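Scroll down for the structure; my scribbles are underneath it.
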């Protein structure tokens, strides 16, 4: 394919929204999930995030990025206030509602009601899960890391509870997210389903990896 | 689907490799890319990472996670030494070679040669690009953030140069990564192509988002 090459000067000269779409595309396909929170006063909030990343399995940690000056500010305020939130994977049958949570609803509106998704409570956890979601996680804030360069905040979080479809859990702990219907995203606004090429065995020097079978029913 | 529910106690009781596969799956589909580096002494290195995340567009920043005690240690050493690296998207025709870079080759071996991928140099950049890759990025280290909980390191990085297929660049700055053949991954070892559901317009309260057409040729 013919290539377009861009320097940092070209990038900094881009119109702001063009640059946002361009730079957001560069990271490749991304995790996308709905983060559910509830304020101490009981107001629920639901927001879509595409910056979740794995930080470690022992203890189970992940991170995600929040912009304090964006529509994400209610999510941030609730997490800083209560320490609690949920992460809910998105399926093709409600990705439009998930996208719609990024609209600027007021502080007294719940995106659950506004977009037509269902709050689910369990195990005494204060933050609402998304009932329509097949993969649900309860997360607790460990600490925040402020990024001085642009005011972004990385929230370092611990996983406390997980609900996954039984048939998607494989014998070695891998979760077949494709079977669970989890979607991925690219850029700011593009949603995609997936087709597995293969699972590959643990890589060792001078040995070609073999394919690991993925079975229905774990 | 019937659900399996797991508490933090259940997770901490898992066998170590089972837990790694399980927790790595929870984040959803992830960015996966090859990071190319070169030591001050000239030794090249290539490693696969699935933790890239967007941090901001102005300036263009992203982050990724490195484990100092893992096969990723050569990449980390080279980046700390030179400040320079490349990020290269992975396509279906070389995802097996990309996965194979995660084998524990010695410090005096180049994964480029070991797995059969081609070093490409341009613009005086010291770190090698992957010639087979259609989306290539030159990145510079801004600073490191140490995660006390598990010894992981988040590298905060700035984008300095980008090469993308001309036909994939859309009029609004979005890059059609599906057309570029970029793959995504899940868990530790599963690779996937994608099928676009839709691009959705910027969300506003009480208005249903419309689909944005993706065109060939930008």
_Test: residue in region B:195-205 that is closer than 29 Å to residue A:57 by Cβ, touching a residue at least 12 places away in the same chain (Cβ under 8 Å) and out of contact with any helix residue (DSSP H, G or I) (no Cβ under 7 Å at 6 or more places or on another chain)_ = no
*Within region A:165-190, which residues are in contact with a helix residue (DSSP H, G or I) (Cβ under 7 Å, 6 or more places away or on another chain), in a strand (DSSP E or B) and buried (at least 22 other Cβ atoms within 10 Å of the Cβ)?*
A:175, A:186
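Does residue A:131 count as more than 7 Å from chain B (Cβ to nearest Cβ), touching a strand residue (DSSP E or B) at 6+ places or on another chain (Cβ under 6 Å) and within 30 Å of residue B:156 (Cα to Cα)?
Values: more than 7 Å from chain B (Cβ to nearest Cβ): yes; touching a strand residue (DSSP E or B) at 6+ places or on another chain (Cβ under 6 Å): yes; within 30 Å of residue B:156 (Cα to Cα): no.
Considered against the rule, which asks whether it is more than 7 Å from chain B (Cβ to nearest Cβ), touching a strand residue (DSSP E or B) at 6+ places or on another chain (Cβ under 6 Å) and within 30 Å of residue B:156 (Cα to Cα), residue A:131 comes out as no.
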*For residue B:78, work out the one condition from (1) more than 10 Å from chain A (Cβ to nearest Cβ); (2) free of Cβ contacts under 8 Å to residues at least 24 places away in the same chain; (3) within 19 Å of the chain's Cα centre (by Cα) it doesn't fulfil.*
(2)
*Just to be sure, is residue B:56 part of a loop (DSSP other than H, G, I, E, B) and over 25 Å from residue B:191 (Cα atoms)?*
no
_So, in region B:11-25, how many residues would count as being surrounded by 14 or more Cβ atoms within 10 Å (Cβ to Cβ) and either in contact with a helix residue (DSSP H, G or I) (Cβ under 8 Å, 6 or more places away or on another chain) or more than 7 Å from chain A (Cβ to nearest Cβ) (or both)?_
6
_I need a count of the residues in region A:180-213 that are at pLDDT below 95 and touching a strand residue (DSSP E or B) at 6+ places or on another chain (Cβ under 7 Å)._
1
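Quick check on region B:146-161. Is at least one of its residues in contact with a strand residue (DSSP E or B) (Cβ under 7 Å, 6 or more places away or on another chain), in a strand (DSSP E or B), farther than 18 Å from residue A:22 by Cβ and within 9 Å of chain A (Cβ to nearest Cβ)?
Looking only at region B:146-161, we keep the residues that are in contact with a strand residue (DSSP E or B) (Cβ under 7 Å, 6 or more places away or on another chain), and these are B:146-147, B:149-150, B:152-161.
Retained after the next criterion (residues that are in a strand (DSSP E or B)): B:146, B:153-161.
Okay, now just the ones that are also farther than 18 Å from residue A:22 by Cβ, so B:146, B:153-156.
Next cut, within 9 Å of chain A (Cβ to nearest Cβ) only: B:154, B:156.
Looking through region B:146-161, at least one residue is in contact with a strand residue (DSSP E or B) (Cβ under 7 Å, 6 or more places away or on another chain), in a strand (DSSP E or B), farther than 18 Å from residue A:22 by Cβ and within 9 Å of chain A (Cβ to nearest Cβ).
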*What is the one condition in (1) buried (at least 24 other Cβ atoms within 10 Å of the Cβ); (2) more than 7 Å from every other protein chain (Cβ to nearest Cβ); (3) more than 25 Å from residue B:58 (Cα to Cα) that residue A:47 does not satisfy?*
(3)
*With (1) in a loop (DSSP other than H, G, I, E, B); (2) within 14 Å of the chain's Cα centre (by Cα); (3) crowded, with 23+ Cβ neighbours inside 10 Å as the list, and residue A:134 as the residue in question, which single condition is left unmet?*
(3)
*Could you tell me which numbered condition residue B:108 fails, if it satisfies all but one of (1) surrounded by fewer than 20 Cβ atoms within 10 Å (Cβ to Cβ); (2) under 19 Å from residue A:27 (Cα atoms)?*
(2)
*Subset of region B:191-211 [more than 7 Å from chain A (Cβ to nearest Cβ) and in a strand (DSSP E or B)]*: B:207, B:211
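The values are calculated or read from the model by the stated rules, or taken from the named source; none is laboratory data. It should be emphasised that the depicted structure is a prediction, and the values quoted were computed from it without experimental measurement. With ideal geometry, Cβ positions are generated from the backbone for all residues, glycine too; neighbour counts draw on all protein chains shown.
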